[in-house]
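Just so you know, all these numbers are worked out from the coordinates, no wet-lab data involved. The model shown is predicted, which means the values in this text are computed figures rather than measured ones. Ideal geometry is used to build each Cβ from the backbone, glycine not excepted, and the neighbour counts take in all protein chains shown.
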């Protein structure tokens, strides 16, 4: 999936969210954990994941009971949100 930027941009968000929903319901397996761990070892892919999917990463690490990482990504998500709303707010 990471080989073609079209697939990453088009499907990654939906795939991560659907796999997270399955994990929350107790129906999923550990595939999402391994899927996320692989790109986090490559700097370019890690930047993409952190910039666009910090909300999903936060929930994923909560499900793994890694609360420090979850807090880091939740704060990152909040910072991105605040930056985007400041840009949209007229002075």
Handout entry: Globularity index of segment 5-88, i.e. its alpha-carbon radius of gyration over 2.2 N^0.38 Å
Key = 1.10
Practice task
Work out how much length residue 24 to residue 45 would gain on full extension: take 0.36 nm times their residue separation and subtract the Cα-Cα distance, in nm to one decimal.
Solution key: 5.1 nm
Exercise for the section: Neighbouring Cβ atoms within 10 Å as the yardstick, rank 54, 76, 34, 18 fewest first. Expected result: 34, 18, 76, 54
Handout entry: Rounded to whole Å, sorted largest first: equivalent-ellipsoid semi-axes of segment 42-91, Cα gyration tensor
Key = 23, 14, 7
